[in-house]
1. Around Phe72, which amide H atoms from residues at least 5 apart in sequence, or from another chain, sit under 5 Å from its own amide H, with H modelled in the peptide plane?
2. Going by amide H atoms built from the backbone, whose H comes under 5 Å of the H on Ala16, apart from near neighbours?
3. Given Cα positions, please report Rg to Rh for region 2-128, the hydrodynamic radius being the Kirkwood one.
4. Working out 0.36 nm times the residue gap between Glu84 and Ala39, then minus their Cα-Cα distance, what length gain in nm do you get to one decimal?
5. Would you mind checking which residues have amide H under 5 Å from Thr8's amide H? H placed 1.01 Å from N; only 5 or more apart, or other chain.
Amino acid sequence: MVRLVIPTEDGNGLDARLSQHFGRAPYFVVVEIQGDKVASVQAVPNQSEHFGGYGLPPDLILQLRPDAVITFGMGPRAISRFQEAGVAVYRAQSETVKENVEAYLQGKLEELTEGCGKSRHGEECQKHQ
């Protein structure tokens with residue numbers, strides 16, 4: 001079983017749209033993959049300090065026990081935190097969870113190894129990497 005966590009703008013499961021800003025995503029969609037099929041999908045509200053809760057987004061995501069995170073980009077500290085925990089981070093290619101899960105299953109996603117220093121990590125981050 002592989003567990004993917006994807007920051008999204010809404011909690012619409014596989015149809016959820018990815019957030020352009022990793023840490024300020026309102027939801028994290030957790031997709032469990034068994035073999036080459038989606039076994040389960042769950043939307044988890046972002047309750048980090050960005051939304052009045054406690055902890056940083058990477059810490060909240062690590063509590064979800066991911067094998068990988070799929071996102072448009074993230075800061076260098078977040079990437080480092082995931083690397084230390086042995087969690088791969090992949091650059092999203094599409095706007096929806098479903099499209100990115102399909103790309104992951106086909107081995108088409110590029111692994112992010114360096115974070116973006118910009119305050120917004122969507123298109124601006126992709127331009128700078």
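We did not get these values from a lab; they are worked out from the coordinates using the rules stated. The shown structure was predicted, so the numbers you read here are calculated from the model rather than taken from an experiment.
1. When sequence neighbours closer than 5 places are left aside, the close amide H contacts are Ala92.
2. Val97, Lys98
3. Working: Rg = 13.0 Å, Rh = 14.1 Å.
My calculation of the ratio gives 0.92.
4. Taking Glu84 through Ala39 to full extension adds about 13.5 nm, to one decimal.
5. Long-range HN contacts for Thr8: Ser19, Tyr27, Phe28, Val29.
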